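Below: the structure, in structure tokens.
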Amino acid sequence: MKKVLEPELVDLRSKLKFSFETGEIWLGENRMMLMHVAAMGAFRNEIIQSLGLERARGLLVRLGYASGVRDAELAKDLPSNDSPEAGIMLGPMLHSFKGMVRVEKRKLEMDIPNGKFAGEFIWENSWEAQTHLQQFGIGQDAECWTQVGYASGYVSTCVGRPVIFKETKCVCKGDHHCYIEARLLEHWEDSEDYLKYYQPENIAGRLIDLQEEVVSLRASLNKKALPDNIIGESESFKSALDLASTAAAKPITVLLLGETGVGKEVFAHWIHDNSDRTAQPFVALNCAAIPNDLLESELFGVEKGAFTGAQQSRPGRFERADGGTLFLDEVGDLTPAAQVKLLRVLESGELERLGDIKTRKVNVRLVAATNVNLQQAVKDGKFRADLYYRLNAYPVNIPPLRDRKADIPLLVEAFIKKYALLHNKRVVGVTDKAMRMLMSYDWPGNIRELENMMERGVLLTASDDSIELKHLFAGVAEIFSNEVELSAQGRVGSENKKSLDVLMDTMIRDGISLENCELMLMEAAVKRTGGNITKAAELLGVTRRQVAYRLGKEDQK
Ligand SMILES: [Zn+2]
């Protein structure tokens, strides 16, 4: 019973070909590769960390399953595959041959025509258990997922019916060895629980959903922490706000123009909040953040089976925004096909989901935004002229922060308030020096950059303290070093600063005391003024009396 079939007996070794010249390894018709268990273990660990246990488990089970299916196809051509049972037993052999695990049969009863299959096997030296134990230690569950997937894929393909393996013992939960049991799918009472790991899921769709959740959570956070988050008193800002305010009351499409980071989404939200749609949804989508091939399904929805990977029907952003406002950022990044469909929705309020023939009506107010020159994009043939005119009917230019610097103190105050609340900290404000720099900086990243910087400042400063220059401009200090030196030290430019540094180093190295240093400075000043102590004192910014005293010439006039 304990006998393990030797690979020689089934000619497996002759199926394995190392082709060094072509950089390939072949097992029968299948290209293989040697991988480090440690590297595979690190990859497995990363999947678990980033996707969570359940999702990772599904991916790994399916990885193993795909491999098992391939091996079952390979086994069909092996000469020793002369009975159904021998065919099944080639699977464990291949599994061992590939260095995954040592398999020992405990039980194998099969009568597929009469709906019977029962198998039990011991697993030893499982690579997956070994790597899992190294990363996570002993836990509550069996963890040899790719291997269970492999066994299920192999046997299901051999017998032509779904057979599910379960790992009932595993060294990952402290058992002496791993143990697997197989039955036909319908003979497991809890087959549903297991089946879910074999069905691929739409991870891309889920990630997009999560991203959307983050955006809407962030938006609601912004709203709560900062009720009036449109801030500014400067002329250019107020005229943009006036335009937006006029548009808000009307059901027209608005095109927000401006550099990246000027706050287009905040404007879009403000328009929504000040319209009669405020009780309806506000949905945002950054067209540049969605892969091109998913853009249409994101915007217009998709019916199950429309393309590979569309496992469920999903409404698009237009449907989700029905009755409310849809904010499309980076609208210049729309694909030509998406542009056609967008134009149609704008003109008729009608759309069809991908892979669907049913026409759906939506009532959506569109606010679009771009930081590229759409007119130029039209000239270059990248953007449809008819869509451009439709969008550009009501453009609102949001000025860059460098053109509204007068608003910086207001914005700084608002952001400090917001992030102090968020991070549960008391912050007094910013130092004068920090404010000077904030006012003189050019803000290529606009308000978003200012906001990020203020959040960093709030995090780095001590509680009950003011935010200092070093808390804000840590990474970009070099850009300002000249200006900072000039403003902080008056006449000392950066070149002088360097020679001053050398002088300081020399004095410290040579052990010149502060007292001597002062004396040398006074002597040099007196020498320069030709012995005029009053003028020397002026140069040094001290009184005549101090110089005279230090030089021992108190009595001189
Ligand atoms: Zn195990």
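For region 1-119, count the residues as N, evaluate 2.2 N^0.38 Å, and divide the Cα radius of gyration by that value, please. Provide the component values of the computation, followed by the final result.
Working: Rg = 16.6 Å, N = 119, 2.2 N^0.38 = 13.5 Å.
Here the answer is 1.23, to two decimals.
Quickly work out the residue 37-to-residue 173 label distance, labels modelled 7 Å from Cα along the C-beta direction, and quote it in nm with one decimal.
Between residue 173 and residue 37, the simple spin-label model gives 2.2 nm.
For residue 186 and residue 86, FRET efficiency with R0 = 25 Å and r from the beta-carbon atoms, rounded to 0.05?
Values: r = 25 Å, r/R0 = 1.01.
My answer for the efficiency is 0.50.
At a 1.4 Å probe, what is the % contribution of carbon and sulfur to the accessible area of region 344-437? Present the calculation step by step, with values, prior to reporting the outcome.
On the way: 2450 of 5110 Å².
Carbon plus sulfur share of accessible area: 48 percent.
With axes computed from alpha carbons, what is the tilt in degrees of helix 53-76 against the longest principal axis of the chain, rounded to the nearest 10 within 0 to 90?
It is inclined by approximately 40 degrees.
Round to the nearest 10 and give me the degree value, 0 to 90, for the angle of helix 408-422's Cα axis relative to the longest principal axis of the chain.
Roughly 50 degrees between the two axes.
Which trypsin sites (Lys or Arg not before Pro) does region 146-179 hold that lie in a coil by DSSP with at most 12 other beta carbons within 10 Å?
none
If a/c stays under 1.5 just call it rounded; otherwise compare a/b with b/c (prolate if a/b is bigger, oblate if not). Do that for region 350-432, with a ≥ b ≥ c from the square roots of the Cα gyration tensor eigenvalues. Write out the running numbers ahead of the final one.
Numbers: a/c = 3.86, a/b = 1.85, b/c = 2.08.
Since a/c reaches 1.5 but b/c is at least a/b, the shape of region 350-432 is classed as oblate.
Rounded to the nearest 10 degrees, what's the angle between the helix 514-528 long axis and the longest principal axis of the chain, both from Cα atoms, 0 to 90?
50
Assign one of three labels to the chain, namely rounded, prolate or oblate, based on the Cα gyration tensor with a ≥ b ≥ c the square roots of its eigenvalues; rounded applies when a/c is under 1.5, prolate when it is not and a/b is larger than b/c, and oblate otherwise. If you can, show how the numbers build up before the last one.
Details: a/c = 3.24, a/b = 1.64, b/c = 1.98.
Note, shape of the chain comes out oblate.
Do you know the relative contact order of the chain, to the nearest whole percent, from alpha carbon pairs under 8 angstrom that are 6+ apart? Can you show the working numbers first?
On the way: 821 pairs, mean separation 52.0, N = 557.
Relative contact order here is 9 percent.
Considering only protein heavy atoms, what per residue accessible area in square angstrom results for region 29-112 with a 1.4 angstrom probe?
Values: 4550 Å² over 84 residues.
I get 54 Å² per residue for region 29-112.
Kindly provide the helix-only [θ] at 222 nm of the chain, computed as the sum of -39,500 (n - 2.57) over DSSP H runs of four or more divided by all residues, to the nearest 500 deg cm²/dmol? Could the numbers behind the result be given before it?
Values: 24 runs with 275 residues, N = 557.
After summing the helix terms and dividing by residue count, I get -15000 deg cm²/dmol.
Using a 1.4 angstrom probe and counting only protein chains, how large is the accessible area of residue 188 in Å², to 10?
For residue 188, solvent-accessible area is about 20 Å².
Could you list, in their original order, any pairs among 105/196; 358/382; 250/361; 238/264 whose Cα atoms are separated by more than 18 Å?
Where the Cα-Cα span goes over 18 Å, the pairs concerned are 105/196; 358/382; 250/361.
For the full complex of protein chains and a 1.4 angstrom probe, list 340, 163, 364 by accessible area with the highest value first. Please report the intermediate quantities before stating the final value.
Details: 340 75, 163 0, 364 30 Å².
Most to least solvent-accessible, the answer reads 340, 364, 163.
Post the alpha-carbon centroid distance, region 55-119 to region 338-414, in whole angstrom.
Here the two parts' Cα centres lie 56 Å apart.
The values are calculated or read from the model by the stated rules, or taken from the named source; none is laboratory data. Everything quoted here is computed from the prediction, not taken from an experiment. Cβ: placed from backbone, ideal geometry, glycine included. Neighbour counts: every protein chain shown. Heads up: the accessible areas ignore ligands, DNA and RNA and are worked out on the full protein's heavy atoms, side chains in. Shrake-Rupley method; radii C 1.70, N 1.55, O 1.52, S 1.80 Å.
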